[in-house]
Amino acid sequence: MRVLIVEDDFLLGEALATGLRQAGHAVDWFQLGAQADGAIAGAAYDVALLDLGLPGADGMAWLAQWRSRGVEVPIMILTARDAVEQRIAGLDAGADDYLVKPVGVDELAARLRALLRRTAGRSQPVWQHGALTYDPSSKRVQWQGRTVDLTARELALLEALMTDPDRILSKAALLEKLYDWNGNEPESNALEVHVYHLRRKIHPGVVRTVRGVGYSLGAAEPA
């Protein structure tokens, strides 16, 4: 998934961004709300982590502004403000989750997976599409009961497709899920290469090409 972090503390922001990238996510981290505001308007994030104690306008102000503009990105507040009244205010203002610092990257990643499941309308921790199964927590992929070894980019692509199996995603939308702005500029044919490897490692029909539109998950069962 692609994650937006809004955290002004350099050490914490760096640690969160590094930890989530190591977990296979594309991450953009900004220290100012104004920077994040420009990013959230120009990229398709799966979730945003929002600190409340930001310089200038605080996180609550940005949360209210984004929701008033119709921004539907799931937002998790990540803050040191632990009073019950503050948690209630954050959730009532439009946050989807509220997490009090300090927090470990493992717990944060688990909460992000849970938030992604809710957003995608999934209740089961293991995703299934016919003979294909994917466990986001262990990054384990199986096809007809056989474990398939995928790279981090291939896993990210498969996850993006499995999030909404019936939806056709454009090349630009998929690249946004796979690459952040951390100097990771993809090659012009990067997506096609990842699609080729998924088909080779899993099944030729696992990814469907819709000419002139993009890609979607293929048939639930092999042809």
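The values are calculated or read from the model by the stated rules, or taken from the named source; none is laboratory data. Predicted model only: the values in this text are computed from it and were never measured. For neighbour counting, all protein chains shown are included, and Cβ atoms are generated from backbone atoms with ideal geometry for every residue, glycine included. Side chains are part of the model used for accessible areas, which takes the heavy atoms of the whole protein and leaves out ligands, DNA and RNA. Shrake-Rupley method; radii C 1.70, N 1.55, O 1.52, S 1.80 Å.
Per the Kirkwood formula on distinct C-alpha pairs, the Rh of segment 129-186 is how many angstrom?
Numbers: mean 1/r = 0.0801 Å⁻¹.
Roughly 12.5 Å, rounded to one decimal.
Would you work out which of GLN22, VAL3, SER137 lies farthest towards the positive end of the dipole of the chain? Charges go on Cβ: Lys and Arg +1, Asp and Glu -1.
Projecting each Cα onto the dipole axis, the largest value belongs to SER137.
Can you give the local net charge around GLN65? Use residues other than it whose beta-carbon is closer than 13 angstrom to its beta-carbon, Lys and Arg +1, Asp and Glu -1.
Numbers: positive: ARG67, ARG69; negative: ASP37, ASP58.
Residues near GLN65 contribute 0 overall.
In the chain, which longest range has no GluC sites (Glu not before Pro) that are both DSSP loop (not H, G, I, E or B) and surrounded by at most 16 other Cβ atoms within 10 Å?
Longest run free of exposed loop sites: 73-186.
Quick check: from the Cα gyration tensor, does segment 16-87 come out rounded (a/c under 1.5), prolate or oblate? Don't skip to the end; give the middle numbers.
Numbers: a/c = 1.64, a/b = 1.19, b/c = 1.38.
Cα axes put segment 16-87 in the oblate bin.
Taking the chain as the reference, fit the longest principal axis to its C-alpha atoms, fit the long axis of helix 105-120 to the helix C-alpha atoms, and give the angle between the two in degrees, 0 to 90, nearest 10.
Helix 105-120 and the main axis of the chain meet at about 70 degrees.
Just to confirm a number: summing +1 for Lys and Arg and -1 for Asp and Glu over residues other than ARG87 whose beta-carbon lies under 14 angstrom from that of ARG87, what do you get?
Numbers: positive: ARG81, LYS101; negative: ASP82, GLU85, ASP92, ASP96, ASP97.
Within the 14 Å Cβ shell, the charges total -3.
Where a ≥ b ≥ c are the square roots of the eigenvalues of the C-alpha gyration tensor, would you call segment 12-158 rounded, which needs a/c under 1.5, or, failing that, prolate if a/b is larger than b/c, or oblate? Mind showing how you got there, number by number?
Numbers: a/c = 2.01, a/b = 1.90, b/c = 1.06.
Prolate shape, in that a/c is at least 1.5 and a/b is the bigger ratio.
Tell me, what does the Kirkwood hydrodynamic radius of segment 90-223 come to in angstroms if you use every pair of distinct C-alpha atoms?
Values: mean 1/r = 0.0618 Å⁻¹.
About 16.2 Å for segment 90-223.
What does the net charge come to around GLU192 if you take all other residues with beta carbon closer than 12 Å to its beta carbon, with K and R at +1 and D and E at -1?
On the way: positive: LYS171, ARG199; negative: GLU187.
Spelling it out: positives minus negatives among the neighbours equals +1.
Given 0.36 nm per residue, what is the gain on full extension from GLN22 to SER216 after removing their alpha carbon distance, in nm?
Details: separation 194, 0.36 × 194 = 69.84 nm, distance 2.60 nm.
Length difference between fully extended and current span is 67.2 nm.
Check the straight Cα-Cα distances from LYS171 and name the lysines below 28 Å, setting aside those fewer than 8 residues away within the same chain.
LYS139, LYS201
Using a probe of 1.4 angstrom, how much of the accessible area of segment 49-150 is carbon and sulfur, in percent? Could the numbers behind the result be given before it?
Details: 2480 of 5100 Å².
That share works out to 49 percent.
Accessible area per residue for the chain in Å², computed with a 1.4 Å probe and the full protein assembly in place, what is it?
Numbers: 10700 Å² over 223 residues.
Result: 48 Å² per residue.
Rounding to the nearest 20 debye, state how big the charge dipole of segment 105-223 is about its Cα centre with +1 on each Lys and Arg Cβ and -1 on each Asp and Glu Cβ.
On the way: 17 positive and 14 negative charges, 68 e Å.
The calculation lands at about 320 debye.
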